[in-house]
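Here's the structure we're looking at; comments come further down.
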Amino acid sequence: MGGTGRRAGLTSAASVLRIVPRSMKVENESSAEYYVWSFGNSWTTTNTFERGARLEANQGGERRSNRRDFLSYLLGGGLVAWAVSVIYPVLAYLIPPKQAGVEVTSVKVGKLSEIATDSGVIIRFGTKPVLLVRTAAGDLKAFSATCTHLDCTVQFRPDMGVIWCACHNGKFDLTGRVIAGPPPRPLDEFNVLVQGEDVLVSKKG
């Protein structure tokens with residue numbers, strides 16, 4: 001009878017251990033670690049649970065960090081899109097697109113009587129400037145008004161009798177040839193035609 005009671009008591013104690021998982025702790029004196037009875041009827045050290053808790057906490061922190069990064073990227077992208085939508089129209093207005101040059105072969109300058117001798121005038125030949133010169137002898141000559149050095153606009157200097165570039169003191173004679181300064185080549189020459197009283201400037205063949 002006594003033996004039967006002891007066996008029953010042991011069975012009851014074992015049942016208690018199985019139905020109260022992770023609640024009963026037994027100290028292992030040799031390792032100074034605590035063990036917990038798990039659902040799988042095995043002993044697991046508290047260190048395992050601590051590592052699991054730390055891992056779970058780290059994963060939770062990473063998820064929060066990822067959400068913050070996503071919101072930061074989303075907000076930054078929205079600000080960039082807003083800035084582009086505001087700035088682009090302003091730049092498009094201030095810097096109009098380049099238009100293709102219209103091919104021009106001849107331009108009517110005006111009346112011969114309106115052009116004084118020993119003078120020069122800048123005319124528009126399509127999108128390019130052209131210098132028309134009437135010499136002291138009354139001859140008409142036309143050249144590109146763009147200096148061959150750095151594309152500055154040249155002018156006729158009656159006091160020097162030359163075509164002059166103010167940027168770097170380049171000088172051309174009345175045939176367009178370089179006579180002083182840094183320009184590397186002569187000015188392009190144009191044809192001048194007088195029809196009655198009308199003066200026309202055209203490209204050379």
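FYI, it's all coordinate maths here, none of it is from the lab. From a predicted model like this one, the values you see are computed outputs, not experimental measurements. All Cβ positions, glycine included, derive from the backbone under ideal geometry; neighbour counts span all protein chains shown.
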Scan of the range 150-184 for residues that are loosely packed, with under 13 Cβ neighbours inside 10 Å, closer than 16 Å to Asp118 by Cα and either under 39 Å from the mean Cα position of the chain (by Cα) or among the β-branched types (Val, Ile, Thr) (or both), ordered by number | Thr175
Inter-residue pairs, beta-carbon under 8 Å, first closer than 11 Å to Gly110 by Cα and in the range 179-205, second among the polar types (S, T, N, Q), 6+ apart | Glu197/Ser113; Leu200/Ser106; Val201/Ser106; Val201/Asn191
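Condition test on Leu187, is it outside any strand (DSSP E or B) and buried (at least 17 other Cβ atoms within 10 Å of the Cβ)? Outline the logic, then answer.
On the way: outside any strand (DSSP E or B): yes; buried (at least 17 other Cβ atoms within 10 Å of the Cβ): yes.
Answer is yes for this residue.
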